[in-house]
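Asks: Please find one structure pasted underneath; my questions will follow.
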Amino acid sequence: MFSSLEIVFRPQNLPDRNPVPVNLEGHESNLPNILDHFLTYEEIKEFLARIAQLFKDKVSMEKLGETALGRDINMAVINPNAAKTVILVANMHAREWGATTSALFIISELVKNREQYLEFFDIRWMIIPLANPDGYEYTREYDRYWSKNRSPQPGGTFGVDLNANFEHMWGMGKPVDPDDRTYNGPRAFSEEETIAISAVMEEMALDTILFIDMHTYGNHIFHAWGHTPDPSPDVANSRNVAFAGADAMRAKFHEYYTVGAPSALFHRVYGTSLDYCQALAINADEKQIDFAEQLESVAYVLCGDGTVTYDKFCQIWHAKGILDKLYRLIDVDSTNLISTNQIMEFISNLTNSRAAWIEGTDPVCDENDDHVPWVVRYFERV
């Protein structure tokens, strides 16, 4: 099961600025309350480094790249050995400070209060709390409403809308002037930030069960597609997960969220992370189906419709590099080491994808699917 969602919420009343000193020395109790004020880029960087130092067995930090101005694009990885992955990205739009604070809070909760979230132990959380550090700092110092990054652009202008710079359907809309806040860049993946984020998506395509892009301009949960009103292949699953989240937040916080595709609720959008991640999930499923078709073809050539003996079975798996291809599909990190969980997860995904392909349907998660309850708990508690 896979869902690609964009969550948009209204942040609660937090001060725009408050120069509260951030003391990261000493013990865990000296970690700042990240809800007290909006941290600067340097404070965020120190906070992440400190929490990784204090909780080495629970979380690690990875530097994904550097921005045009040399700032780090960092990612927190929690439960790194889990088989299933959730990718969460915040602050692609610089002025949406609340998204970063929310992502930092999620990191803090999953690490510091780990015992309260036992149901999330089997999830690998990959969280990028500050996807646009250059733009974020620019909004703090100069223009509170700036949304792009700060890379130099044609004509002496600055910045690209990062959430319009991903490859899938990039540039399909009307041309956008570099001065415009929705400028999508000179080409897809022209920006260091989108290169770094997409690399994570691509690497984890086979393991990711949920991708979340967090924004703060209303109460909405978007699912693919953004570029067309046509439904995505697994729209039922994505809608079920989105409605589960909306129902949970309404029940607990009395907040009402609309659910739907951006193209249906607002307008068509192109080059988004939402659509790119959805496209990657489709490609990942197709790779597994391709493998199943190849295995079926070799088996038929060697055995026809007859009985498969043990010797023939071994011959099938060693023919045309099938065994090597299987191992590479499971070893998504290219480490030459795989776990039992990875093998079982691959078999489960292969079975689901193959069944859907044969029946001409897509995997749909219903109200009894165990994919939904943990999503409900995620929205309610985190």
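The values are calculated or read from the model by the stated rules, or taken from the named source; none is laboratory data. For clarity, every value in this text was computed on a predicted model and none was experimentally measured. Cβ coordinates were reconstructed from backbone atoms using ideal geometry, including for glycine residues, and neighbour counts include every protein chain displayed. In case anyone asks, the SASA skips ligands and DNA or RNA and just uses the protein heavy atoms, side chains included. Shrake-Rupley method; radii C 1.70, N 1.55, O 1.52, S 1.80 Å.
Asks: With the Cα gyration tensor of segment 161-253 giving a ≥ b ≥ c as the square roots of its eigenvalues, does the rule (a/c under 1.5 for rounded; else a/b larger than b/c for prolate; else oblate) give rounded, prolate or oblate? Show your work: numbers first, answer last.
Replies: Numbers: a/c = 1.87, a/b = 1.55, b/c = 1.20.
Judged from the Cα gyration tensor, segment 161-253 comes out prolate (a/c at least 1.5, a/b above b/c).
Asks: Express the accessible area of segment 51-115 per residue in Å², computed with a 1.4 Å probe while the remaining protein chains stay in the model.
Replies: Numbers: 2220 Å² over 65 residues.
I get 34 Å² per residue for this part.
Asks: Could you pull the accessible area for Arg50 with a 1.4 Å probe, rounded to 10 Å²?
Replies: My reading of the accessible area for Arg50 is about 30 Å².
Asks: Among Lys58/Lys148; Lys45/Lys84; Lys56/Lys84, which pairs are too far apart, with a Cα-Cα distance over 31 Å? If you can, show how the numbers build up before the last one.
Replies: On the way: Lys58/Lys148 33 Å; Lys45/Lys84 27 Å; Lys56/Lys84 21 Å.
With Cα atoms farther than 31 Å apart: Lys58/Lys148.
Asks: Using every Cα-Cα pair within segment 3-282, state what percent have a distance larger than 30 Å. It would help to have the intermediate numbers written out before the result.
Replies: Working: 10325 of 39060 pairs.
Counting pairs separated by more than 30 Å, the tail of P(r) holds 26 percent.
Asks: Heavy atoms only, probe 1.4 angstrom, no DNA, RNA or ligands counted: give me Arg140, Arg250 ranked by accessible area, highest first. Each step should come with its number before you reach the end.
Replies: Working: Arg140 20, Arg250 85 Å².
Putting Arg140, Arg250 in descending order of accessible area: Arg250, Arg140.
Asks: Roughly how many Å² of Thr272 are accessible to a 1.4 Å probe, to the nearest 10?
Replies: Near enough 10 Å² of accessible area.
Asks: Take every Cα-Cα pair in segment 71-214 and report what % of them are more than 27 Å apart. Walk me through the numbers on the way to the answer.
Replies: On the way: 2663 of 10296 pairs.
It works out to 26 percent of all Cα pairs.
Asks: I want the local charge near Asn149. Using Cβ-Cβ distances under 9 Å, sum +1 for each Lys or Arg and -1 for each Asp or Glu among the other residues. Present the calculation step by step, with values, prior to reporting the outcome.
Replies: Details: positive: Lys148, Arg150; negative: Asp134, Asp161, Glu191, Glu192, Glu193.
Once all neighbours under 9 Å are counted, the net charge is -3.
Asks: So, R0 is 45 Å and r is the distance between the beta-carbons of Phe105 and Asn336; what FRET efficiency does that work out to, to 0.05? Kindly include the intermediate steps, with their values, before the conclusion.
Replies: Details: r = 37 Å, r/R0 = 0.82.
For Phe105 and Asn336, the calculated efficiency is 0.75.
Asks: Output the peptides 235-245, 36-46 sorted from most to least packed, where packing is the average of other Cβ atoms within 10 Å over each peptide's residues. It would help to have the intermediate numbers written out before the result.
Replies: Working: 235-245: 22.4, 36-46: 17.7.
For the peptides 235-245, 36-46, the packing ranking is 235-245, 36-46.
Asks: Follow-up question, since we're still on this one. Could you rank Thr309, Thr139 by how accessible they are, 1.4 Å probe, largest area first? Numbers along the way, then the final one.
Replies: On the way: Thr309 75, Thr139 5 Å².
Most to least solvent-accessible, the answer reads Thr309, Thr139.
Asks: Here's a follow-up. At Cys314 and Leu69, where each label point lies 7 Å from the Cα along Cα→Cβ, what is the point-to-point distance in nanometres?
Replies: 6.4
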